[in-house]
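Please read the structure below before turning to the comments.
The values are calculated or read from the model by the stated rules, or taken from the named source; none is laboratory data. Only a predicted model underlies this, so the values are computations on that prediction, with no experimental measurement involved. Quick reminder, even Gly has a Cβ in these numbers, built from the backbone with ideal geometry, and neighbours come from all protein chains shown. Calculation scope for accessible area: heavy atoms of the full protein, side chains included, ligands and nucleic acids excluded. Shrake-Rupley method; radii C 1.70, N 1.55, O 1.52, S 1.80 Å.
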Amino acid sequence: MNLVISLSFLLVLLLVTRESVVFSYRTVTTDADPCAATNQRDPRTLRWDQITVLMNGYSEDRIPLLQSIAATYTASPLVSSVLVLWGNPSTPTRTLSQLSHNLSLSSFGSASISLIRQPSSSLNARFLPRSSIRTHAVLICDDDVEMDQKSLEFAFRIWQSNANRLIGVFARSHDVDLVNKEWIYTVHPDKYSIVLTKLMFLKSSYLFEYSCGGGAAMGEMRRIVDEMRNCEDILMNFVVADRINAGPLMVGAERVRDWGDARNDRDDGGARGSRSRVSAVGLSSRKMEHRKRRGKCIREFHRVLGRMPLRYSYGKVVNSVGEQGLCENGGKLVFCDQV
Ligand SMILES: *[C@@H]1O[C@H](CO)[C@@H](O)[C@H](O)[C@H]1NC(C)=O
């Protein structure tokens with residue numbers, strides 16, 4: 001009798017513990033209607049002095065890396081919370097419950113980490129507004145990009161004094177192909193008009209503009225992102241540049257590690273799965289293909305919008321150039337601090 005009671009007690013206990021893990025994972029799901037007015041916090045209640053990190057997760061292989069990067073963010077007093085947005089619909093719930101549990105244990109500071117299963121694999125879902133965001137500043141980042149603490153603080157300071165701009169670390173460019181007379185996606189050594197979601201600061205209200213604003217044209221452009229399975233970052237650059245008539249700002253990081261492009265990995269498993277990932281030829285043609293597709297996105301967005309809002313920016317904002325005066329010392333010019 002006693003044994004039966006303690007056994008059933010144990011069973012209940014097990015069920016409760018199990019349920020609480022699943023429950024804590026379920027509590028942070030996407031808001032029912034992200035665009036509902038009730039989902040928009042009064043901007044006056046949002047903090048200016050902290051950051052909400054929205055980290056994209058997709059690949060199960062990279063979970064250990066994701067976990068370590070997410071934990072690193074919580075070590076910064078600037079970070080209010082880290083939301084890991086899981087975009088891979090085929091990941092088993094059990095894995096996510098485990099990850100959620102692991103993440104909750106790995107937070108260093110006062111910032112919390114939560115795991116959110118995205119409603120679909122749509123890249124637009126990266127930019128869904130969320131009622132749990134309590135800050136003006138949102139850092140959009142990938143699960144395989146790591147930046148040092150000092151550079152994070154610096155980038156945030158630059159954002160604070162340019163809160164309407166997009167701030168990024170990785171920059172690209174649009175341009176006109178004069179031969180084919182069409183917009184293309186490219187990289188210029190001296191100017192840029194697009195910052196990538198690998199690591200991008202933006203004002204949280206832009207999430208709402210991207211996901212809920214802009215009427216039929218915006219809906220059509222979000223549909224293009226879904227169709228191309230790409231270019232959500234280009235579209236965000238369109239949205240912001242169109243609003244403020246200014247390009248993004250690129251900041252220099254002291255140390256930034258990019259462990260690989262999730263989007264490219266995903267493409268390999270997708271429509272072009274047979275493409276070799278090891279041969280150099282395969283790699284460069286993949287890059288070329290990537291550029292072509294991004295160029296197509298620019299052309300499509302331009303067609304739908306009827307104008308080209310992207311604006312060029314020049315130069316990179318860096319923390320310190322270590323300005324040095326030159327002094328004469330024994331007939332030679334040397335740095336003054338060496339005199
Ligand atoms: C969670 O942590 C445990 C123990 O360290 C580990 O064995 C497991 O692989 C982790 N799972 C996930 C999904 O992070």
Does any residue in segment 320-331 that is more than 30 Å from LYS150 (Cα to Cα) and at pLDDT 70 or above come within less than 8 Å, Cβ to Cβ, of a residue that is open to solvent by 100 Å² or more (accessible area, probe 1.4 Å) and outside any loop (DSSP other than H, G, I, E, B) six or more places away or on a different chain, and which pairs are these? CYS327/LEU333; ASN329/GLN338
Output the qualifying pairs, or none if there are none: Cβ atoms under 7 angstrom, residues six or more apart or on different chains, first residue in segment 169-186 and surrounded by fewer than 19 Cβ atoms within 10 Å (Cβ to Cβ), second residue part of a strand (DSSP E or B) and aromatic (Phe, Trp, Tyr). VAL176/TRP183
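Does ASP233 qualify as being open to solvent by 40 Å² or more (accessible area, probe 1.4 Å) and at negative phi?
no
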Selection within segment 135-163 - open to solvent by less than 30 Å² (accessible area, probe 1.4 Å) and not in a strand (DSSP E or B): ASP143, ASP144, ASP148, SER151, LEU152, PHE154, ALA155, PHE156, ILE158, TRP159, ALA163
Working only within segment 187-201, note down all residues that are of a type in the set (Val, Ile, Thr) and open to solvent by less than 60 Å² (accessible area, probe 1.4 Å). ILE194, VAL195, THR197
Restricting attention to segment 177-234, the residues that are under 19 Å from the mean Cα position of the chain (by Cα) and among the small types (Gly, Ala, Ser) number exactly 4
Segment 51-64 residues that are of a type in the set (Ser, Thr, Tyr), paired with ones that are in a helix (DSSP H, G or I) (beta carbon under 7 Å, 6 or more apart): TYR58/ALA262; TYR58/ARG266; SER59/ALA262; SER59/ASP265
